[in-house]
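Okay, handing you the structure first.
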Amino acid sequence: MPPSLQRPRPHIQFTDLFLIQLSNFRWSWRGQVVTGMLAPVLATAALGAFAGRDQQSLTYVLCGSIVLSLMFQNQNNVAANFGYMKAMGTLDFFATLPVYRSLVVLATVLAFFVLSIPSLVVTALVGTMILGVPLSISPLALLVVPLCVLPMAGIGALIGITVRSPAEAGTVSMLITLLLLFMGPVVLPPDRLPDWMIGVSHVSPTSYAASAIRQVVIGPVTGQVWLDVAVLALVTVVTLWGVGHKLPWHQK
Amino acid sequence: MTVAYRVENLVKRYPRQDVLAVDGMSFEIAEGEIFGLLGDNGAGKTTLVRQLVGLLRPTSGRIELFGRDVVEYTGFVSTMIGYMPQSTAALNRLTVGEAVYFSAHLRGMSRGDARRERDELLELWRIAEIRDKVSTNLSGGQSRLLQLAVATAGRAPVLILDEPTNDLDPVNKKHVWEVLRGFNQGRGTTIVLVTHDAVEAEKAIQRVGIVQRGRFTALGTPARLKAEIAQKLKVHLAFPPDDPPELPYGVVPQERSAGTWLLMLDRDEAGELLGKLDLRKITDIRMTSTTLEDLYLHYAS
């Protein structure tokens, strides 16, 4: 038997896969500018105008816009990317390389998180300038921000690998974005929402993400943040496990 | 002889389809062999190849690569093969140079070796001039050459290539067969390939399987298969349409177009024909023996 190839160590696999996925900036930067920066900034300006001078409403508008930028841009891009990789044979190609499928998922999700950081910074800074809400950033933001991205990226990946085409991935992802964004106190304070919507929001990861973002970006940080972190971590684990499980790798 | 692939009673049925995509195939591919799969579209070639690389699980039957079950040892398979899918878009967001480098590095080469491999393969596959181009901006032929470079990066001992010469011009097609023959002779690479390019493939393929409706209708060396069909010579004659040549008694031409005949001759008839023809009235004459393409057409029909 001829000598086999050497399977690279996991950290080498991850680095290469991460860099490969970072090359997606070549197509995704337009989306990042339009839906990751412009849309949240315009939403901030429009909703801020309705909120008037009510500080609590302004806080919800700012943090809701950050969540919009941070979570849904990622979800849409990851959904589009997995849909594309499935349609174009990229996942098949990876499956024939000596790499772990879990690292393909992780590298993809984290690469899109890194690609979304400029959107996050622009949305936070411009939103603060427009609304005049003072920022008080907690060190816990380093934990909370990735945990806001990962569950939605996981949902995006699940959408991408289960739908039939990249175009369908975009449509389904947008629908889920709208549902999750407006079904809970994300951009609007809870006292402006009907009771049934507050009830529904308890099962939406977006509500916990918005709560955590409000605490670590505006303050004060309370014990609630740990519940938010726990829920987001749980959703992350479940969705990424689902992606790893459903990823077309060695199909039946 | 070491067996690279051993396939036993392989069956693949897709969900909600009555017809089997692969219908009980059994065969072996030797280490260091170039094995070609010919067949119509939808005959089951790509399904077979995807099972060989472990991308599709068989409905029943067994595939072994160097004695290990492909379904059970998927990790082992990925350390033995370089796969080129039919689609040319696998790493489309990378530049040409990046795609080849990462493929070599992910197949276990060190960074330095992967860089050297990249430079060597870009030259070998004649794509060095487009190394900084993003893959989405390539022509069909350039994409195909890139996919070949990506599949061969890292020097896997087995190459599985699904239609490696599609989209290529005749010069590049010839080059691809030469390079593949070089890998086979120089490194002992086992090559399994699907192709429709029967004429050119004949120069490289050592054994061929002709696939029809998920089964082999013929399997063997081109020479043996040729011996099984009639020992005829093909003669193409072109002449002024209003002045057809005289043929030996008993030779019946098949008219291909005005002023063009195809003659199927026994070997002893060929000399008689040449003696009888008035070559001043003939604008073109070509005589060939049975080709791989004839074999394909014969067994496919």
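The values are calculated or read from the model by the stated rules, or taken from the named source; none is laboratory data. Everything numeric in this text was worked out from a predicted model, so none of it was measured. For neighbour counting, all protein chains shown are included, and Cβ atoms are generated from backbone atoms with ideal geometry for every residue, glycine included.
Of all the strands (runs of 3 or more DSSP E) wholly in segment B:1-101, which have at least 1 residues that are surrounded by fewer than 19 Cβ atoms within 10 Å (Cβ to Cβ) and touching a Phe, Trp or Tyr at 6+ places or on another chain (Cβ under 9 Å)?
On the way: elements: B:3-12, B:22-30, B:34-39, B:60-65, B:81-84.
Where strands (runs of 3 or more DSSP E) fall fully within segment B:1-101 and carry at least 1 residues being surrounded by fewer than 19 Cβ atoms within 10 Å (Cβ to Cβ) and touching a Phe, Trp or Tyr at 6+ places or on another chain (Cβ under 9 Å), they are B:3-12, B:22-30, B:60-65.
Still on this structure, please answer the following. Which condition breaks for B:D113 when tested against (1) more than 14 Å from chain A (Cβ to nearest Cβ); (2) surrounded by fewer than 20 Cβ atoms within 10 Å (Cβ to Cβ)?
Evaluating B:D113 over (1) more than 14 Å from chain A (Cβ to nearest Cβ); (2) surrounded by fewer than 20 Cβ atoms within 10 Å (Cβ to Cβ) leaves (1) as the failure.
From B:V252, B:V194, which residue is at negative phi and at pLDDT 90 or above?
Details: B:V252 fails: at pLDDT 90 or above.
B:V194 is the lone residue from the list that is at negative phi and at pLDDT 90 or above.
Quick one: in segment A:213-252, of everything that is of a type in the set (V, I, T) and in a loop (DSSP other than H, G, I, E, B), which residue is nearest to the other protein chains (Cβ to nearest Cβ)? It would help to see each step written out before you state the result.
The first filter runs over segment A:213-252 and keeps only residues of a type in the set (V, I, T), leaving A:213, A:216-218, A:221-222, A:225, A:229, A:231, A:235-239, A:243.
Within this subset, residues satisfying the condition of being in a loop (DSSP other than H, G, I, E, B) are A:218, A:221-222.
Working: A:I218: 37, A:V221: 39, A:T222: 42 Å.
Only one residue fits best here, namely A:I218.
Now for a different question. Is it true that some residue in segment A:48-60 is closer than 30 Å to A:W249 by Cβ, β-branched (V, I, T) and in contact with a helix residue (DSSP H, G or I) (Cβ under 9 Å, 6 or more places away or on another chain)? So that I can check it myself, show each step before the final result.
Initially, segment A:48-60 is screened for residues closer than 30 Å to A:W249 by Cβ, giving none.
Within segment A:48-60, not a single residue is closer than 30 Å to A:W249 by Cβ, β-branched (V, I, T) and in contact with a helix residue (DSSP H, G or I) (Cβ under 9 Å, 6 or more places away or on another chain).
Ok, one more. Please go through segment A:3-15 and pick out each residue that is more than 26 Å from B:T190 (Cβ to Cβ) and part of a helix (DSSP H, G or I).
First, pick out the residues of segment A:3-15 that are more than 26 Å from B:T190 (Cβ to Cβ): A:9-12, A:14-15.
Result: A:P10, A:H11, A:I12, A:F14, A:T15.
Being away from every other protein chain (no Cβ under 14 Å), at pLDDT below 80 and surrounded by fewer than 15 Cβ atoms within 10 Å (Cβ to Cβ): is that true of A:G52 here?
Working: away from every other protein chain (no Cβ under 14 Å): yes; at pLDDT below 80: yes; surrounded by fewer than 15 Cβ atoms within 10 Å (Cβ to Cβ): yes.
Against the criterion (away from every other protein chain (no Cβ under 14 Å), at pLDDT below 80 and surrounded by fewer than 15 Cβ atoms within 10 Å (Cβ to Cβ)), A:G52 qualifies.
Something else about it: I need a count of the residues in segment A:80-118 that are under 15 Å from B:F102 (Cα atoms) and facing chain B (nearest Cβ under 8 Å).
Summing the residues that are under 15 Å from B:F102 (Cα atoms) and facing chain B (nearest Cβ under 8 Å) in segment A:80-118 gives 7.
If you scan segment A:107-144, which residues turn out to be farther than 22 Å from A:V187 by Cα and crowded, with 19+ Cβ neighbours inside 10 Å?
A:A107, A:T108, A:V109, A:L110, A:A111, A:F112, A:L115
Among A:V122, A:V149, A:V109, A:V145, which is the only one that is within 30 Å of B:R57 (Cβ to Cβ), part of a helix (DSSP H, G or I) and either within 12 Å of the chain's Cα centre (by Cα) or touching a residue at least 24 places away in the same chain (Cβ under 8 Å) (or both)? Walk me through how you get there before you give the answer.
Details: A:V122 fails: within 30 Å of B:R57 (Cβ to Cβ); A:V149 fails: within 30 Å of B:R57 (Cβ to Cβ); A:V145 fails: within 30 Å of B:R57 (Cβ to Cβ).
Residue meeting the stated conditions: A:V109.
Would you pick out the residues in segment B:50-99 that are basic (K, R) and either facing chain A (nearest Cβ under 10 Å) or without any contact (Cβ under 8 Å) to a residue 24 or more places away in the chain (or both)?
Of the residues in segment B:50-99, the ones basic (K, R) are B:50, B:57, B:62, B:68, B:93.
Passing the criteria: B:R50, B:R57, B:R68, B:R93.
To keep it simple, each residue is scored yes or no on (1) at pLDDT 85 or above; (2) closer than 30 Å to B:L65 by Cβ; (3) facing chain B (nearest Cβ under 8 Å).
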site	(1), (2), (3)
A:L5	yes, yes, yes
A:P10	yes, yes, no
A:Q21	yes, yes, no
A:Q32	no, no, no
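Touching a strand residue (DSSP E or B) at 6+ places or on another chain (Cβ under 9 Å) and not hydrophobic (A, V, I, L, M, F, W, C), is that true of A:T96? Don't jump to the end; show me each part of the working.
Details: touching a strand residue (DSSP E or B) at 6+ places or on another chain (Cβ under 9 Å): yes; not hydrophobic (A, V, I, L, M, F, W, C): yes.
Against the criterion (touching a strand residue (DSSP E or B) at 6+ places or on another chain (Cβ under 9 Å) and not hydrophobic (A, V, I, L, M, F, W, C)), A:T96 qualifies.
Going through segment A:189-206 one residue at a time, which ones are small (G, A, S) and free of Cβ contacts under 8 Å to residues at least 24 places away in the same chain?
So in segment A:189-206, the residues small (G, A, S) come out as A:199, A:201, A:204.
Scanning segment A:189-206 gives A:G199, A:S201.
In the list B:G186, B:G275, B:G220, which residue meets the criterion of being crowded, with 16+ Cβ neighbours inside 10 Å and over 24 Å from B:G140 (Cα atoms)?
Numbers: B:G186 fails: crowded, with 16+ Cβ neighbours inside 10 Å; B:G275 fails: crowded, with 16+ Cβ neighbours inside 10 Å.
Among B:G186, B:G275, B:G220, only B:G220 is crowded, with 16+ Cβ neighbours inside 10 Å and over 24 Å from B:G140 (Cα atoms).
How many of the residues making up segment B:134-168 are β-branched (V, I, T) and either out of contact with any strand residue (DSSP E or B) (no Cβ under 7 Å at 6 or more places or on another chain) or surrounded by fewer than 20 Cβ atoms within 10 Å (Cβ to Cβ) (or both)?
To start, the set of residues in segment B:134-168 that are β-branched (V, I, T) comprises B:134, B:136, B:150, B:152, B:158, B:160, B:165.
Restricting the remaining residues to those that are either out of contact with any strand residue (DSSP E or B) (no Cβ under 7 Å at 6 or more places or on another chain) or surrounded by fewer than 20 Cβ atoms within 10 Å (Cβ to Cβ) (or both) gives B:134, B:136, B:150, B:165.
The number of residues fulfilling the criteria is 4.
Turning to a different aspect of this structure: Please pick out the residue among B:V100, B:V11, B:V7, B:V3 that is under 30 Å from A:I20 (Cβ atoms), modelled with pLDDT of 90 or more and among the aliphatic types (A, V, I, L, M).
Numbers: B:V11 fails: under 30 Å from A:I20 (Cβ atoms); B:V7 fails: under 30 Å from A:I20 (Cβ atoms); B:V3 fails: under 30 Å from A:I20 (Cβ atoms).
On inspection, the qualifying residue turns out to be B:V100.
Same structure, new question: Criterion first (of a type in the set (A, V, I, L, M), touching a Lys or Arg at 6+ places or on another chain (Cβ under 7 Å) and without any contact (Cβ under 8 Å) to a residue 40 or more places away in the chain) does B:L121 satisfy it?
Numbers: of a type in the set (A, V, I, L, M): yes; touching a Lys or Arg at 6+ places or on another chain (Cβ under 7 Å): no; without any contact (Cβ under 8 Å) to a residue 40 or more places away in the chain: yes.
No, not satisfied.
Further, regarding this structure: Restricting attention to segment A:34-54, does a residue exist that is of a type in the set (D, E, K, R) and in a helix (DSSP H, G or I)? Walk me through it before giving the result.
Initially, segment A:34-54 is screened for residues of a type in the set (D, E, K, R), giving A:53-54.
Next cut, in a helix (DSSP H, G or I) only: none.
No: segment A:34-54 contains no residue that is of a type in the set (D, E, K, R) and in a helix (DSSP H, G or I).
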